[in-house]
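Engineer: This is the structure, below, for whatever I ask next.
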Amino acid sequence: MQDKKMIFSGVQPSGCITLGNYIGAIKNWVKLQKDYRCIYSVVDMHSITVRQNPKELRARALQFLALYMACGIDPDESIMFFQSHVPAHAELSWVLSCNTYMGELSRMTQFKDKSAKHEDNINAGLFTYPVLMAADILLYGTDLVPVGVDQKQHLELARDIAIRFNHLYGDTFTVPEGYIPPVGARVMSLQDPTSKMSKSDPNPNGYIWVLDEPDVIVKKLKKAVTDSEGVIEYREGKHGVNNLLSIYGAIVGKTPREAALEFEGQGYGNLKMRVAEAVCEELRPVQEKYKAISEDKSYLESVYKAGAEKAGELAEKTLRKVYDKVGFVLR
Ligand code: AQP
C-alpha cells in the first residue's frame, strides 16, 4: 500500500456534476484507484469563490460524495472527504500564497474567464484559487493529478510553487505530474461547442448532468449545435461534431477519428441518437447506485468522517514539516 504512488483530485460543488466532469475526471479516478493510493475530495472551499446559496451548497456537497461512490469510487480503497473538514488546506494555502507571485496568478486564464463572468464579485479568493489548489495537491505528497485540460495551467503553477519552495527551504514537497485522459479531456458545451462544458453554465442545455433522466439526455443531445455541412468527420473547425464524436469515443473506448469512421455517410440525427444511447447506457448504473447511496444518510456521514480523519492525519504531517521549515515555533 505504502509503495503505491499517490493521487489527489477533486471537483468543486459549484453546480451539477456534468458529463464533462465525469469523462474528464471521475471516470478516470475509478480506473486509477486499484493501482494508486487515491484521495478524492469534494473541494467545497473552492466553490465559494463564486457566490453560492448556502443551503444548496451543503446539499450539493453531499450529493457529490454520493455520486463519487455511485460512479465507482470505493471508500475501502480511496479516501473521500470534504475539503473544509481538513483545516490544513487553508493553512498550507496561506504559506504557499506567500511564495506565489501576483504576476503568476494574473496569468491564469480561468481567473480571467471567471472575472469576466462574475464582474460584480471579482474577489481575492477567485484570484488565489490556484494556490488553494496547490495546497490540496502538495499536502498529500501527490505524484499524479488526474485533471481535464482546463486545469493544466493550475497544475503547472502548483509544480512551480513546489519547486520554488523546495529550492528555498530544502526538499519538502513531491513535485506532481498531471494525468490528462487521452480522450475526453475537454468536453465542450452542447450549445456553444467552442467553450467547455461547465457545471455553472446558466443554460442547462449546454451540459448533461450525470443525473439527467434519459429523455432529458436525448432532448439535450438532439438540440446540440453542429454545423450545416451534414458530413460526419473529425477535423478542424467542426466543433460540434468533434465534440459529439469525442463524447461517444470516450464512452465506448475509441478515438474520435475511429468513432467518425463508424458514422461515415450517416446523418447528424443518427449520430446524436447513438451518442444519446451511449451516454444513457453509461449513466444508468450510476443513477441507480446513486439513488440507493443518497438515501443512506448515516452511511454517507460515516464515509466523510472517516475520510477526513485519514486525510487530516496525512495533511497534518506535511503541514508540520512546512511550519518547521519556514521557522514557526511548533505547537
Ligand atoms: N468540460 C470538461 N471536460 C473535461 N474535463 C472537465 N472538467 C471540468 N470540466 C470539464 C474536469 O473536472 C474536474 C473538476 O473540475 P472543477 O469542479 O474543479 O472545476 P472546473 O474545471 O471549473 O469545472 P466546471 O464544471 O467548469 O465548474 P465551474 O462551472 O464551476 O467552473 C477537473 O479535473 C476538470 O479538469
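The values are calculated or read from the model by the stated rules, or taken from the named source; none is laboratory data. All figures in this text were calculated on a predicted structure; none of them were measured in a lab. Note that we place each Cβ from the backbone using ideal geometry, even for glycine, and neighbour counts take in every protein chain shown. Just the protein is used for accessible areas: all its heavy atoms, side chains included, with ligands, DNA and RNA removed. Shrake-Rupley method; radii C 1.70, N 1.55, O 1.52, S 1.80 Å.
Engineer: For the range 40-63, indicate whether the set of residues that are open to solvent by less than 10 Å² (accessible area, probe 1.4 Å), among the β-branched types (Val, Ile, Thr) and away from the ligand (no atom under 12 Å from the Cβ) is non-empty.
Structural biologist: no
Engineer: Output the residues belonging to the range 262-281 that are in contact with a Phe, Trp or Tyr (Cβ under 9 Å, 6 or more places away or on another chain) and free of Cβ contacts under 8 Å to residues at least 40 places away in the same chain.
Structural biologist: 262, 263, 270, 271, 274, 278, listed by residue number.
Engineer: Scan the range 10-30 residue by residue and report those that are within 6 Å of the ligand (Cβ to nearest atom), within 25 Å of residue 174 (Cβ to Cβ) and either among the charged types (D, E, K, R) or touching a helix residue (DSSP H, G or I) at 6+ places or on another chain (Cβ under 7 Å) (or both).
Structural biologist: 11, 12
Engineer: Starting from residues that are among the aromatic types (Phe, Trp, Tyr) and not in a loop (DSSP other than H, G, I, E, B), keep the ones in the range 1-46 and report whichever is farthest from residue 144 (Cα to Cα).
Structural biologist: Only one residue fits best here, namely 22.
Engineer: Let me ask something else about it. Go over the candidates 187, 210 one by one and state the one that is among the β-branched types (Val, Ile, Thr) and within 8 Å of the ligand (Cβ to nearest atom).
Structural biologist: 187
Engineer: So, one more: Only one of (1) out of contact with any Leu (no Cβ under 9 Å at 6 or more places or on another chain); (2) open to solvent by less than 60 Å² (accessible area, probe 1.4 Å); (3) of a type in the set (S, T, N, Q); (4) not in a helix (DSSP H, G or I) is not met by residue 226, so which one is it?
Structural biologist: Result: residue 226 fails condition (1) only.
Engineer: Hey, another quick one. I need every pair where a residue in the range 44-70 that is among the aromatic types (Phe, Trp, Tyr) has its Cβ under 8 Å from the Cβ of a residue that is in a helix (DSSP H, G or I) and buried (at least 20 other Cβ atoms within 10 Å of the Cβ), sequence separation at least 6 or different chains.
Structural biologist: So the pair list comes out as 68/26; 68/29.
Engineer: Now a separate question. From 174, 194, grab the single residue that is touching a residue at least 40 places away in the same chain (Cβ under 8 Å), surrounded by fewer than 20 Cβ atoms within 10 Å (Cβ to Cβ) and within 15 Å of the ligand (Cβ to nearest atom).
Structural biologist: Testing whether each residue is touching a residue at least 40 places away in the same chain (Cβ under 8 Å), surrounded by fewer than 20 Cβ atoms within 10 Å (Cβ to Cβ) and within 15 Å of the ligand (Cβ to nearest atom) leaves just 194.
Engineer: How many of the residues making up the range 110-169 are touching a Lys or Arg at 6+ places or on another chain (Cβ under 8 Å), within 13 Å of the ligand (Cβ to nearest atom) and among the charged types (D, E, K, R)?
Structural biologist: Count: 1.
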